[in-house]
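Notes to accompany the following structure.
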Amino acid sequence: MKFDFSHLRGDITGGITAGVVALPLALALGVASGLGPLAGLYGAIAVGFFAALFGGTPSQISGPTGPMVVVLAGLFASLSGDVDLIFTAVLLAGIFQVIFGIIGVGQYIRLVPYPVISGFMTGIGAIIIILQLGPILGHESPSGTLGALSYFPKALANINFVALGLGVMSLAIALKWPPKFGKYIPGPLAALIIGTVVSLFLAEVPILGAIPSGLPSLHLPVYEQSKALLVLEAAFILAVLGAIDSLLTSLVADNMTRTRHESNKELVGQGIGNAVAGLFGGIAGAGATMRTVVNIRSGGKTKISGMTHSLVLIAVVLGLSPLAANIPHAVLAGILVKVGLDIVDWRYIKRAHNGPRWDFALMLLVLGLTVFVDLITAVGVGVVLAALAYVRQIAQIQIDQLKAIPKFSSNPEEQALLERCHGKVTIFNFSGPLSFGAAADLGHHVRQKVEPGSEVLILDFSRIPTMDVSAAMAVETIVADTKAARKLLYVCGLSEEVKSVLDAINGGSQADLESETLLDALESAVAVVDKSAPLISSQ
């Protein structure tokens, strides 16, 4: 493991700045998870340090993020606050991510379509905002999105206007903090400090209360059979969402630094960080886009910056925990609303009406499923529907490219032979990978395009690099139809890969003739047509 000290000054500056930005977010996200502010700080320290040390994106800052907290909050409610089982889920999520990295899952996560990513990220932003409706009005937030929405009318009827004022003020500061001051004090930290100081001179509002200080204790994994499936499911969701979140942030870092991250190594680093967080009472985390951007803009370029960010937070845990006891819940709620607004994909929403309607409909579907069902269902349904739409699109292209050309060829020799056939030979040119999407219509399309009076069908596979089982079965159907119609079937241009599939599934092409080129097939077809010509003319 090598350290690059050539950017040490920038790394230290970037790490300190990112640590200051991370402080209020770690506190707020820890509270939102149900596990408390200290769990948020421990998670930020563990994931931030070890993901930087072992990860594949040198400038990335990792820590608690909105998507992870949404899952943890739901798990906290489902397990009735059993912290040992929750930390076990965090540990397992880390192990899953290490496995993902080892088996190379990182390269496939990048294939998730943008409308799906946009939908679930926007949904997560909406969930975070909805969960803060209660605290910003001076009430506790019920667990779950539906619970928070159903409780909202009751909270609205009994508003704590001091809490509301603090929450709105914190949100306004976080949103509108001048950039020239942001170089020294980030907006969320300014909102945290100003909101807390102002609250000391106002009527009582709900606050965090006493927070333990010092180093964390060890939380060994526990097993409870009745809840094992719930813990495993939550761990898998955390692992997948953390992987997606981290690799998306890695892409942002790549664009800013003009480098290229190692996706599988990044998953291993994130996994180690989350496993350590679970062992020491921290919440799960992932690559954090805003903190990463702050780090890079402040000069951070190597893993030292991410490790420095964690050391800053350790100093806070050891020395400043008593000061955090007076932070009002409403102030943290205002900061979290800002986090939620940042997660919403406004960039796509503003231009969605100009793009394909299907993509926007898919995004809205995933958004709705994220908010009202669960994240894994939303992503699963979104990916499946996007894949089916893509397969349908490619299949249509493949079918459209399937051309019957009985009368014309761009090759002079082939054209001369075609003219001698007098329309009694039909050639079908296939193009591109022949997949299951096109297989369903392949036989029907060939039947429709066969010219009346054709005696020989030639299937030209010279532009087919691959073929799946569905396409092989469709070829078998074409063979059966051709033989039933008492016609001859020739195939040409079979690659070794296509031939091996046909051999394995159909026992070969089952054609009357296999030839290397279309010209060879046409010469054989002409010989057949020439032999039958006298017979036909005499009838």
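The values are calculated or read from the model by the stated rules, or taken from the named source; none is laboratory data. These numbers were taken from a predicted model, which means no experiment stands behind them. All Cβ positions, even for glycine, are placed from backbone atoms using ideal geometry, and neighbour counts span all protein chains on display. To get the accessible areas, we keep the full protein, side chains included, count just its heavy atoms, and leave off ligands, DNA and RNA. Shrake-Rupley method; radii C 1.70, N 1.55, O 1.52, S 1.80 Å.
For GLN510, all conditions in the list (1) at positive phi; (2) open to solvent by less than 60 Å² (accessible area, probe 1.4 Å) hold save one; what is the number of the exception?
Unmet condition: (2).
For the stretch 143-163, what are the residues that are open to solvent by 90 Å² or more (accessible area, probe 1.4 Å) and in a loop (DSSP other than H, G, I, E, B)?
Within the stretch 143-163, just ASN158 meets the criteria.
Go through the stretch 254-267 and give me each residue that's aliphatic (A, V, I, L, M) and crowded, with 24+ Cβ neighbours inside 10 Å.
LEU267
Any chance you could count how many residues in the stretch 461-472 are touching a strand residue (DSSP E or B) at 6+ places or on another chain (Cβ under 8 Å) and either more than 14 Å from ILE399 (Cα to Cα) or part of a loop (DSSP other than H, G, I, E, B) (or both)?
7
Okay, residues lined up against (1) surrounded by fewer than 19 Cβ atoms within 10 Å (Cβ to Cβ); (2) free of Cβ contacts under 8 Å to residues at least 40 places away in the same chain; (3) part of a helix (DSSP H, G or I); (4) not small (Gly, Ala, Ser):
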| residue | (1), (2), (3), (4) |
| --- | --- |
| GLY340 | no, no, yes, no |
| HIS353 | yes, yes, yes, yes |
| LEU364 | yes, no, yes, yes |
| LEU367 | no, no, yes, yes |
| THR370 | no, no, yes, yes |
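Name the residue, out of LEU494, LEU489, that is aliphatic (A, V, I, L, M), open to solvent by 30 Å² or more (accessible area, probe 1.4 Å) and outside any helix (DSSP H, G or I).
From the options LEU494, LEU489, the qualifying one is LEU494.
What about LEU513, is it in contact (Cβ under 8 Å) with a residue 24 or more places away in the chain and in contact with a Phe, Trp or Tyr (Cβ under 6 Å, 6 or more places away or on another chain)?
Against the criterion (in contact (Cβ under 8 Å) with a residue 24 or more places away in the chain and in contact with a Phe, Trp or Tyr (Cβ under 6 Å, 6 or more places away or on another chain)), LEU513 qualifies.
Across the stretch 195-228, what is the total count of residues that are within 22 Å of VAL20 (Cα to Cα), among the hydrophobic types (A, V, I, L, M, F, W, C) and open to solvent by 60 Å² or more (accessible area, probe 1.4 Å)?
Selection size over the stretch 195-228: 4.
Filter the stretch 369-411 down to the residues that are of a type in the set (Gly, Ala, Ser) and either over 15 Å from the mean Cα position of the chain (by Cα) or modelled with pLDDT under 75 (or both) and list them by number. If you could, list the steps in order and put the result at the bottom.
First, pick out the residues of the stretch 369-411 that are of a type in the set (Gly, Ala, Ser): 378, 380, 382, 386-387, 389, 395, 404, 409-410.
Once the filter is applied, which keeps residues that are of a type in the set (Gly, Ala, Ser) and either over 15 Å from the mean Cα position of the chain (by Cα) or modelled with pLDDT under 75 (or both), the stretch 369-411 yields ALA389, ALA395, ALA404, SER409, SER410.
Output the residue which, of all residues in the stretch 449-459 that are closer than 18 Å to THR477 by Cβ and of a type outside the set (Val, Ile, Thr), is surrounded by the most Cβ atoms within 10 Å (Cβ to Cβ).
Here the answer is LEU457.
Among the residues of the stretch 310-322, is any touching a residue at least 40 places away in the same chain (Cβ under 8 Å) and either assigned to a loop (DSSP other than H, G, I, E, B) or at positive phi (or both)?
no
Can you tell me which residue in the stretch 81-139 is farthest from VAL379 (Cα to Cα), limited to those that are of a type outside the set (A, V, I, L, M), outside any helix (DSSP H, G or I) and open to solvent by 30 Å² or more (accessible area, probe 1.4 Å)?
The residue in question is HIS139.
Please tell me if LEU27 is crowded, with 24+ Cβ neighbours inside 10 Å and touching a helix residue (DSSP H, G or I) at 6+ places or on another chain (Cβ under 9 Å).
yes
Take THR477 and tell me if it is surrounded by fewer than 23 Cβ atoms within 10 Å (Cβ to Cβ), modelled with pLDDT under 90, among the hydroxyl-bearing types (Ser, Thr, Tyr) and more than 27 Å from GLY423 (Cα to Cα).
Numbers: surrounded by fewer than 23 Cβ atoms within 10 Å (Cβ to Cβ): yes; modelled with pLDDT under 90: yes; among the hydroxyl-bearing types (Ser, Thr, Tyr): yes; more than 27 Å from GLY423 (Cα to Cα): no.
No, not satisfied.
Mind checking which pairs have a first residue in the stretch 83-110 that is on the phi > 0 side of the Ramachandran plot and a second that is open to solvent by 20 Å² or more (accessible area, probe 1.4 Å), Cβ under 7 Å, 6 or more apart or different chains?
So the pair list comes out as GLY104/ASN264.
Is one or more of the residues making up the stretch 238-248 under 24 Å from LYS176 (Cα atoms) and open to solvent by less than 20 Å² (accessible area, probe 1.4 Å)?
First, the residues of the stretch 238-248 that are under 24 Å from LYS176 (Cα atoms): none.
No - not one qualifying residue is present in the stretch 238-248.
Among the residues in the stretch 321-334, are any β-branched (Val, Ile, Thr) and open to solvent by 30 Å² or more (accessible area, probe 1.4 Å)?
No, the stretch 321-334 contains no residue that is β-branched (Val, Ile, Thr) and open to solvent by 30 Å² or more (accessible area, probe 1.4 Å).
Report every pair of residues separated by at least 6 positions or lying on different chains whose Cβ atoms are under 6 Å apart, first residue within the stretch 14-27 and assigned to a helix (DSSP H, G or I), second open to solvent by 30 Å² or more (accessible area, probe 1.4 Å) and at pLDDT below 85.
Matching pairs, first to second residue: GLY14/SER298; THR17/VAL294; THR17/SER298; ALA18/VAL294; VAL21/VAL294.
What tally of residues in the stretch 424-448 results from selecting those that are among the charged types (D, E, K, R), part of a helix (DSSP H, G or I) and surrounded by 16 or more Cβ atoms within 10 Å (Cβ to Cβ)?
Residues meeting the conditions: 1.
Need the failing condition index for SER435 against (1) over 28 Å from the mean Cα position of the chain (by Cα); (2) within 22 Å of SER495 (Cβ to Cβ); (3) modelled with pLDDT under 75, just the number.
Condition not satisfied by SER435: (1).
All but one of (1) in contact with a His (Cβ under 6 Å, 6 or more places away or on another chain); (2) over 20 Å from LEU192 (Cβ atoms) hold for ALA18, so report the exception by its number.
Unmet for ALA18, out of (1) in contact with a His (Cβ under 6 Å, 6 or more places away or on another chain); (2) over 20 Å from LEU192 (Cβ atoms): (2).
Condition (residue is at pLDDT 90 or above and not hydrophobic (A, V, I, L, M, F, W, C)) applied to the stretch 229-243: is it met by at least one residue?
yes
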